[in-house]
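Worksheet: one structure, shown below.
Values quoted throughout were computed directly from the atomic coordinates according to the rules given, and no laboratory measurement underlies them. Only a predicted model underlies this, so the values are computations on that prediction, with no experimental measurement involved. All Cβ positions, glycine included, derive from the backbone under ideal geometry; neighbour counts span all protein chains shown.
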Amino acid sequence: MYGLTLILTLAVVGGVIAYIGDRLGMKVGRKKLTLFGLRPKHTSIVVTIVTGVFIATASIVVLTIVSQDVRTALFRMKEIQEELAAVQLSYDEMRLQRDNAQLELEEAQTSLASAVEAYNQVMDDLQEAQAAVEEQRLRIAENQEIIAGMSTQITELELEASRLMAEIEELWGYRLAFGQMRGANIAFNASEVISSVVIEPGQSRAAIRNALDGFLNTVDDIAYRRGARSTDGDYRAIYLRPGVVDFAVEELYTADTARIIRAVSESNTIPGIPVVAYLEIYPDQLVYAKHTVLVERVWNPMRDSEIDRVILDMLNQANVQAINLGMAVNEDLEAVLLPGSAFLEALFVARDIKEPVTIRLVVAEDTWRSDTPIPIELQIIR
């Protein structure tokens, strides 16, 4: 309605002005009036032009007065254009921000999807873990019942182990079962090894003699403690035939490998008299390879002696065998060594044996003559 009213107003104003102009032009033409010295014809043309200009001016004035939009278009167009440009720039920036925000939204949605998937996986793992914990809790409860039932048995086994260990200590106290059995009135048996020493090659005669003198003093101390006595010579309890030490020094001086020197009783010796000793010299070489069977015996628990006595007898046999092969001996005159734990384990195993089994003493490592005592293993083969 506003536009229609404006058009009608312009039409009326234009028509009125045109009518006035036309009447004015006709009047000027009839009266042949002139303006500014112009001819009447030209004056009529000027009036017509002025009328048209007036119509246009009047139209603009009316539009300006009537319409705010027209006033804005006539007087604020440049400002509006600059504002539109600024708005356009702001719009472009907002659209760019919108696009960036859209990308961030898509990335956030992707991250959210990954997080949701990870959360679901964690929840699944948590449920599995809870199920496993519950299962373990049930097992622990069952095991606690079993442990409670076994506590009495464990106590009994500990008491039995203590008893067996005491028995082992007592059995190991019988060192005479390892060889060189002596009568009550015998200080040394014939061919009994008193002690041994290893002499390395490449030494001077003086160094070898000093080593032998120290070794023989040790042998003399052992013989003295066991009751032998001597009143002649350089020793308190032993007697060496002349030239024995000189011969040993020369043989050791020319040797190109280590040698084992053993002092051996020549005959049975009673307390109170000197031990007539001689020296044995053996090259240090491999005597037993690993896994060599030293002694093997079949043990029948139904008719043979107790297994501890059988093992001690086998150890004595293995000890004598090793000494006969020239092995060095330790201070306790032992050439073989079975760990006490292996002996204890054999006693436990023997409790459940009802049928004959094979018992073996086996060399645990490659052994040279100087490697004393020989490490051995106890095997029970069913």
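Hey, with R₀ at 45 Å, roughly what FRET efficiency would residue 84 and residue 109 work out to, going by the Cβ-Cβ distance, to 0.05?
0.80
Spelling out what I want: for every residue of the stretch 374-381, take phi, set θ = phi - 60°, compute 6.51 cos²θ - 1.76 cosθ + 1.60 (Karplus), and round to whole Hz; glycine and proline get x.
Listing the rounded values in order: 6, x, 10, 10, 9, 10, 10, 10 Hz.
So the label point goes 7 Å from the Cα of residue 139 along Cα→C-beta, right? Which residues of the stretch 90-133 then have their backbone N under 11 Å from it?
Inside the label zone: 132-133.
Have a look at the DSSP beta bridges in the stretch 286-382 and tell me what percent are antiparallel, nearest 5.
90
Give me the percent of DSSP beta bridges within the stretch 174-284 that run antiparallel, rounded to the nearest 5.
80
What ³J(HN,Hα) values, in whole Hz, does the Karplus curve 6.51 cos²θ - 1.76 cosθ + 1.60 give for the stretch 94-102 when θ = phi - 60°, with x put for Gly and Pro?
Each residue's phi maps through the Karplus curve to give 5, 5, 4, 4, 4, 4, 4, 5, 5 Hz.
Under unit Cβ charges (Lys, Arg +1; Asp, Glu -1), what dipole magnitude, rounded to 20 debye, does the stretch 174-284 have relative to its Cα centre?
The calculation lands at about 500 debye.
Non-local amide H neighbours of residue 376 (under 5 Å, H modeled in plane, Pro and chain starts lacking H): which ones?
337, 364
Could you run the Karplus curve 6.51 cos²θ - 1.76 cosθ + 1.60 with θ = phi - 60° over the stretch 205-218 and give me ³J(HN,Hα) per residue in whole Hz, x for Gly and Pro?
4, 5, 5, 5, 5, 4, 5, 5, 4, x, 4, 5, 5, 5
Near the amide H of residue 258, under 5 Å away, which other amide H atoms are found, from residues 5 or more places off or on another chain, if H is placed in the peptide plane?
Amide H to amide H, under 5 Å and 5 or more residues apart or across chains, residue 258 pairs with 284.
What whole-number distance in Å separates the alpha-carbon centres of the stretch 279-293 and the stretch 317-382?
16
Any idea which of 193, 227, 257 is furthest toward the positive side of the dipole for the stretch 174-284, if Lys and Arg beta-carbons carry +1 and Asp and Glu beta-carbons -1?
About the Cα centre, the residue reaching furthest to the positive side is 227.
Given H placed on each backbone N at 1.01 Å, which residues far from residue 329 in sequence or on other chains put an amide H within less than 5 Å of it?
196
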